[in-house]
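Any read-out appearing in this document is the output of simple, stated calculations on the displayed coordinates, not a laboratory observation. Keep in mind the model is a prediction, meaning the values are calculated, not measured. Cβ coordinates were reconstructed from backbone atoms using ideal geometry, including for glycine residues, and neighbour counts include every protein chain displayed.
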Amino acid sequence: MLTYLIVIVVLALLFDFINGFHDTANAIATSISTRALSPRVAIAMAATLNFVGAMVSSKVAKTVGGSIANPAKIENGVEIVIAALLAAIIWNLLTWYLAIPSSSSHTLLGALAGAVIAGAGVNAVNWSGFTQIIIILILSPIIAFGLGYLIMLLIKYIVIWSGNTSRSKLNRIFRTLQIISAGLLSYSHGGNDAQKAMGIIVFGLVAADVQTTLDVPLWVKISAALAMGLGTSIGGWKIIKTVSGKIVKIEPINGFASDLTSSLVIQFSTHIGKPLSTTHVISSAIIGTGSVMRFHEVQWGTVSRMLITWVITIPISIALAYSLYFLIFRLIL
């Protein structure tokens with residue numbers, strides 16, 4: 001049991017590390033694209049603020065740790081967590097290699113559900129809790145698109161109303177604002193995404209009878225926050241290139257609007273304790289703001305490819321975790 005717990009912690013921190021360069025790239029892509037921040041400064045800021053954000057709350061961690069299944073009622077919960085984490089890591093690395101901004105949240109939550117089905121049966125899944133999470137995952141990018149569109153529209157009319165401000169002056173103003181919005185987005189990302197790994201570790205601790213509640217120990221918070229911060233410091237250049245240049249041309253004005261929109265949506269979800277896909281939210285906000293600026297220039301082919309990946313991630317994660325559980329704990333061990 002001790003060995004399994006060590007494996008869980010290592011895999012969860014590895015997942016968080018990968019999440020750092022896989023998902024956090026989205027938080028700084030717009031500011032790098034518009035040259036509001038240099039890549040080195042942007043990554044350093046994102047790593048620091050992701051760490052800070054991850055330390056602030058634990059509502060999302062409790063949701064992840066207890067909403068999909070009750071770890072206290074599953075005898076082989078530690079094996080389930082190991083299979084789920086392995087599946088999530090494999091899919092994250094694959095999509096990173098292919099430069100597709102898929103969702104680490106969809107991956108992890110789908111993998112946990114698949115592993116629970118394999119290890120404890122369909123009835124062990126809390127389908128009500130799982131459905132609520134799926135609804136949030138589906139609605140959040142739609143809300144981000146709509147809110148991004150409205151915020152960009154509002155900013156556009158404010159700029160027009162303010163008079164004949166030169167384009168170069170506008171770019172200088174919004175590049176400065178982007179530094180603030182990128183920092184807020186990095187902080188928001190850490191507050192939601194890092195907590196998912198915390199929740200998985202807590203799931204394993206409860207399943208192993210190490211603790212009886214879903215409260216997140218301080219050492220779990222610190223280690224998960226550090227892992228994500230370190231992963232962020234590595235950078236995710238493939239994802240950055242896709243998000244910053246292959247969806248729509250990003251200028252300081254819509255870069256700021258995208259970051260602000262994403263921060264608002266992520267902060268609200270974190271406040272109510274619900275995990276969402278920061279990748280989907282940020283990408284959808286960029287599409288929404290970009291549609292106001294130059295709808296005909298949105299790379300809808302890239303958007304379609306992203307949407308397909310988003311749709312297939314949960315089913316693939318469920319199937320992959322299910323298969324890995326049987327392969328490892330039924331056939332090998």
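Below are the figures for this structure:
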{"quantity": "Among 39, 127, 204 the positive-end extreme of the charge dipole of the chain (Cβ point charges)", "calculated": "39"}
{"quantity": "Cα gyration tensor shape for segment 36-92, rounded if a/c is under 1.5, else prolate or oblate", "calculated": "oblate"}
{"quantity": "Ranked packing of 171-177, 10-16, most packed first, by mean Cβ within 10 Å", "calculated": "10-16, 171-177"}
{"quantity": "0 to 90° range, to nearest 10: angle between helix 24-33 axis and the chain longest Cα axis", "calculated": "10 degrees"}
{"quantity": "Packing-based exposure ordering (other Cβ within 10 Å, fewest first) of 259, 209", "calculated": "209, 259"}
{"quantity": "Nitroxide proxy distance, nm - points 7 Å out along Cα→Cβ at residue 249 and residue 222", "calculated": "4.9 nm"}
{"quantity": "Charged-residue dipole, Cβ positions (Lys, Arg, Asp, Glu), the chain about Cα centre, Debye nearest 20", "calculated": "1080 debye"}
{"quantity": "222 nm mean residue ellipticity, helices alone, for the chain (DSSP H n ≥ 4; -39,500 (n - 2.57); rounded to 500)", "calculated": "-27000 deg cm²/dmol"}
{"quantity": "Most to least packed among 79-85, 63-69, 31-37, 305-311 [average Cβ atoms within 10 Å]", "calculated": "79-85, 63-69, 31-37, 305-311"}
{"quantity": "Helix axis angle, 104-120 relative to the chain longest principal axis, alpha carbon, degrees", "calculated": "20 degrees"}
{"quantity": "Ranked packing of 278-284, 216-222, most packed first, by mean Cβ within 10 Å", "calculated": "278-284, 216-222"}
{"quantity": "Under 13 Å, Cβ to Cβ, from residue 170 - net charge with Lys/Arg +1 and Asp/Glu -1", "calculated": "+4"}
{"quantity": "Reach of residue 59 by Cα under 13 Å, taken over aspartates and glutamates that are not fewer than 8 positions away in the same chain", "calculated": "193, 215"}
{"quantity": "Full-stretch length increase - residue 176, residue 35 - with 0.36 nm per residue and alpha-carbon distance subtracted", "calculated": "49.7 nm"}
{"quantity": "Cα radius of gyration and Dmax for segment 53-204 (Å)", "calculated": "20.3, 68"}
{"quantity": "Restraint check, 249/274; 156/249; 156/274; 156/196; 221/274, Cα-Cα greater than 25 Å", "calculated": "249/274; 156/274; 156/196"}
{"quantity": "Folded to 0 to 90 degrees: helix 167-207 orientation relative to the chain principal axis, Cα", "calculated": "10 degrees"}
{"quantity": "Fewest-first ranking of 156, 73, 59, 196, using other Cβ atoms within 10 Å as the exposure measure", "calculated": "73, 156, 59, 196"}
